[in-house]
């Protein structure tokens, strides 16, 4: 595949020419991206419907809208982000100027995922462009309509000498990973995350890994019934309303006190019916499973007889249409795969406990998730959750919405990944923060230089303590 | 003490695994999260450094023949400064950062909460074995982590002193030292850590990152490179020369990651520069630098052989214009200057990490920028000039971890500037608050109320909802208000 070498060489040449560093170039690329989205909105809806059965509302909310928001935010803030930040310089070094200057890393690789095939490709791309890099974007083969659309259309709008798009599967991914990049940004599974980081290690390439995990929703007792209804609506929205459960920050499982399980299950059923009607399969608002491989993976999760027994709602599936009904399980065994692996599908286990505080132990017995959701009015519980658990993010009384907050870093910790993006964090993740110190030739501090003696030692000790008075006294011969 | 015995025997995979488990259990108790614990440990480090400065100086003399002033200054004083700053600022650093939320998540409030990563591993090098061991540990403790420190076996006196002092002064249930070499480091690297900080060379940096990849452990790699010094004409030559000498030979005799590695200057200016260097060198280190007490020795015979080999290379030895003397028995090499060694020689391609300073001449001073950018990105790049335009061009076009105009090495003392590399010279940064950040996870927290739910969020999806969705995300205030209050029912 000389294709990759050729592309890389061209990208390096473009980057070295300095073209991608100008504010004008960066902004033009982002504006072109906004044009692409606005001209091709219908085509994008069609591609997302084809790949995942997404309804235009979902497509807009989770993909198109996100990209528009991101691009606009970057356009409005770019000069601010690019400006050097002043660093505090001690008086001792006067006169001196210290600052931190962000600069592009160079030629970067963005590996995107199939579940949000438009936004998870374009959002990191926006970050890479804002920071002034040349980019290779590798799309997921699992979402072929979106991949094909982006591969054909991006070159029509963006600067091809600086931004290149690759389609394909693991073989293309592996080929790309053999080369030296200045940064790799990966969204996907922990398993592939390890492979990406291992490949990056050969070239000392820094990486950002946006992975996954089992994001729990803790549902405390809520005395106000409308609060309870709102909470359940948000949980349903975050399970089945986001790509049919195939979302890294979707709700994976729910933790609730035993006495509330019936109320919860009833409310869940009612809400599901309200959202998807009597027959969810015919609802246009329900996304599909991405492909046969994942369909079978999900169906297998339900094969375990103990798991199958715990189904209290749903459970049916239609292989031809890659449809799995919204399914609720009550207390499947904690060692079953459905409770040890990230589900990434429309199956919702409910785990009951005696006291809601126990959810903390259950969460901590698993690897750190990308998000923890907690519905509670108990301030003590909130503080406990914050202090005693670790996750990429925490949301109180809602789900998934942290994704829309540009001021919050979006990323994982532990097995859910490292690094972050969104808003300014996107710019930062594709930048090198270069420390710059400017000194003048005058004045000179003689004691800096050998040959060493005890006077110089005293002087420098005082200097290191920033003991200016002591220094003065020493210099005047008044300090022993 | 149990801790000391364990480290003396040498740590294998089992012992490493037990050590990590022990520290994880300690971390799980929540002890490291308290401000009190962190401050008390930091104060212990301060006390340790104050009480034992003399021992540190002795250990460094044994390991590196490091001059007392360099030890007091560049190891102990810098460490104490770093620690005092952390003690002073920790409360501030621990405070969650409130952030602005927008209409898309209204009503809500949000903050970013720093939390410890858990159990971290710090692997330190031999050239500043005291400072570069404890400085990252300060960051790790400030951020509330449990720490294992693995000091370099190439500086055994300091390694052993650290094991003893950490054992005496610090909370051993959460902070430990493991001594040893490659075998022990390998055993440690097989374990799952929440962060690894490695200071050293690129070859081992790759090994560390590959080991970390197995567990998806984030890494902070402080590596090296060939830090160039561009010297323009029309400058205060005496001051520039002294600063170059101080940064090169005055810092562990060139064995410093940010030491000026080589010089770039114009053909016309080179003779003046060489003369100035010779003159000041004699001032600093006397006529017989091999006898000077103000120069560190080369750390061991391996590196001594490596460095003398650089000089012995065929077309290189003829380019020596000053120095070139060495004494195997004392592992000393005198400050050596070379003029226009061949571009493809080893000395011009590998990080020197020693007292040899090649000067490369160019036609125009601007040509040096291309030469620098054609190599791998160094940890530091230096420029001496009075020309404002040249300064700007240098800062904008030369990529390095850090850049200093009209001085060398000094930026490491400025806590307000991040210290780290880029590309081959490393990833991540620390010093000052950057240390705290390097060992923290910045957790995003969003608080919402139960009210304020836009029905457009939920199925069943309709064209009307699409319209509203666009308004909400598009940000038109009026239509967003309509959407928020559910004023368009479907």
Q. Any idea what % of Cα-Cα pairs in the stretch B:190-270 are farther than 16 Å?
A. 63 percent
Q. With no solvent and one point per C-alpha, what does the Debye sum give as log10 I(q)/I(0) for the stretch B:158-236 at q = 0.15, 0.26 Å⁻¹?
A. -0.68, -1.25
Q: Return the percentage of antiparallel bridges among DSSP beta bridges fully within the stretch A:216-411, rounded to the nearest 5 %.
A: 15 percent
Q) If you find the alpha carbon centre of the stretch A:170-241 and of the stretch A:449-466, how far apart are they in angstrom? A) 52 Å
**Q.** Computed over the protein assembly as shown, Cα set: Rg, Dmax in Å
**A.** 29.9, 95
Q: Give the percent of DSSP beta bridges with both residues in chain A that are antiparallel, rounded to the nearest 5.
A: 35 percent
Q | Exercise: per-residue mean of other protein chain Cβ atoms within 10 Å, B:106-112 | A | 3
Q. By how many nm would the segment from residue B:153 to residue B:330 lengthen if fully extended, with 0.36 nm per residue of separation less the alpha-carbon distance?
A. 61.7 nm
Q. Once you average over the residues of B:260-266, how many Cβ atoms of partner chains fall within 10 Å of each Cβ?
A. 0
Q. Within 10 Å of each Cβ of A:84-90, how many other protein chain Cβ atoms are there on average?
A. 4
Q: Among B:37, A:452, B:249, rank each residue by its count of other Cβ atoms within 10 Å, from fewest to most, as a rough exposure measure.
A: B:37, A:452, B:249
Q: Round to the nearest 0.05 the FRET efficiency obtained for residue A:318 and residue B:13 when R0 = 60 Å and r is the Cβ-Cβ distance.
A: 0.75
Q. Of the peptides B:413-422, A:434-443, how do they stack up when ordered by the mean number of other Cβ atoms within 10 Å, highest first?
A. B:413-422, A:434-443
Q) What is the distance in Å between the Cα centres of the stretch A:1-60 and the stretch B:327-353? A) 49 Å
Q. If you find the alpha carbon centre of the stretch B:137-198 and of the stretch A:386-423, how far apart are they in angstrom?
A. 30 Å
Q: Would you please calculate the Kirkwood hydrodynamic radius of the stretch B:58-140 over all C-alpha pairs and express it in Å, rounded to one decimal?
A: 15.9 Å
Q. Using the Cα atoms as the points, what is the convex hull volume per residue of the stretch A:148-188 in Å³?
A. 99 Å³
Q. How far is helix B:237-248 tilted off the main Cα axis of chain B, in degrees rounded to 10, range 0 to 90?
A. 70 degrees
Q. If one puts a single equal scatterer on every Cα of the stretch A:1-114 and applies the Debye formula without solvent, what log₁₀ I(q)/I(0) results at q = 0.10, 0.18 Å⁻¹?
A. -0.51, -1.10
Q) Which ordering of B:313, A:341, B:53, A:42 is given by a fewest-first count of other beta-carbon atoms within 10 Å? A) A:42, A:341, B:313, B:53
Q. Rounded, prolate or oblate: which fits the stretch B:228-424 when a ≥ b ≥ c are the square roots of the eigenvalues of the alpha-carbon gyration tensor, with rounded for a/c under 1.5 and prolate only if a/b beats b/c?
A. rounded
(Q) Run the simple label-point estimate for residue A:353 and residue B:308 please: 7 Å along Cα→C-beta, distance reported in nm. (A) 6.7 nm
Q) Okay, helix-only estimate at 222 nm for chain B: each DSSP H run of n ≥ 4 adds -39500 (n - 2.57), divide by all residues, round to 500 deg cm²/dmol; what do you get? A) -12500 deg cm²/dmol
Q: May I ask you to work out the translational diffusion coefficient for the stretch B:346-443 at 20 °C, viscosity 1.002 mPa s, via Stokes-Einstein with Rh from the Kirkwood sum over Cα pairs, reported in whole µm²/s?
A: 141 µm²/s
Q: Mind pulling the angle between the C-alpha long axis of helix A:225-239 and the longest principal axis of chain A? Nearest 10 degrees, somewhere in 0 to 90.
A: 80 degrees
Q: Could you calculate the FRET efficiency of residue A:309 with residue A:379 from 1/(1 + (r/R0)^6), where r is the beta carbon distance between them and R0 is 35 Å, rounded to 0.05?
A: 0.35
Q.
Under the 0.36 nm per residue contour assumption, what length would be gained going from the current alpha-carbon distance of residue B:182 and residue B:91 to full extension?
A. 28.9 nm
Q.
Limiting things to C-alpha atoms, what are the Rg and the maximum Cα-Cα separation (Dmax) for the stretch A:331-452, in angstroms?
A. 23.1, 76
Q.
Compute the helix-to-body angle for A:119-130: its Cα long axis versus the longest principal axis of chain A, expressed 0 to 90° and rounded to tens.
A. 10 degrees
Q: Using only the alpha carbons, work out the radius of gyration and Dmax of the stretch A:216-411 in angstrom.
A: 15.9, 49
Q: Among B:427, B:78, rank each residue by its count of other Cβ atoms within 10 Å, from fewest to most, as a rough exposure measure.
A: B:78, B:427
Q: Starting from the coordinates of the alpha-carbon atoms of the stretch A:97-241, obtain the Kirkwood hydrodynamic radius over all distinct pairs and give the value in Å to one decimal.
A: 17.3 Å
Q: Using a 10 Å cut-off on Cβ atoms, rank the peptides B:166-173, A:34-41 from the highest mean neighbour count down.
A: B:166-173, A:34-41
(Q) As an exercise, find the ratio Rg/Rh for the stretch B:1-147 from alpha-carbon atoms, using the Kirkwood inverse-distance average for Rh. (A) 1.08
Q. Points 7 angstrom from Cα along the Cβ direction at residue B:106 and residue B:24: gap in nanometres?
A. 4.6 nm
Q.
For the ranges B:315-322, A:267-274, what's the packing order if you count other beta-carbon atoms within 10 Å of each residue, average per peptide, and put the highest first?
A. A:267-274, B:315-322
Q. In whole Å, what three semi-axes, largest first, describe the equivalent ellipsoid of the stretch B:100-208 built from its Cα gyration tensor (square root of 5 times each eigenvalue)?
A. 33, 16, 12
**Q.** Antiparallel DSSP beta bridges within the protein assembly as shown, percent to nearest 5
**A.** 30 percent
Q) How many nm separate the modelled label positions at residue A:362 and residue A:446, each set 7 Å beyond the Cα in the direction of the Cβ? A) 7.4 nm
Q) Given a Förster distance of 35 angstrom, what is the FRET efficiency for residue A:41 paired with residue A:80, based on the Cβ-Cβ distance and rounded to 0.05? A) 0.75
Q: Report P(r) for chain A: all Cα-Cα distances, bin width 10 Å, range 0 to the bin holding the largest distance, values in whole percent.
A: 4, 18, 25, 21, 15, 9, 5, 3, 1, 0
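Read-outs throughout are calculated quantities, based only on the coordinates presented, and are distinct from any laboratory measurement. Note that the structure is a prediction, hence the values are computed from the model and not measured. Every residue, glycine among them, receives a Cβ derived from its backbone with ideal geometry; neighbour counts consider all protein chains shown.
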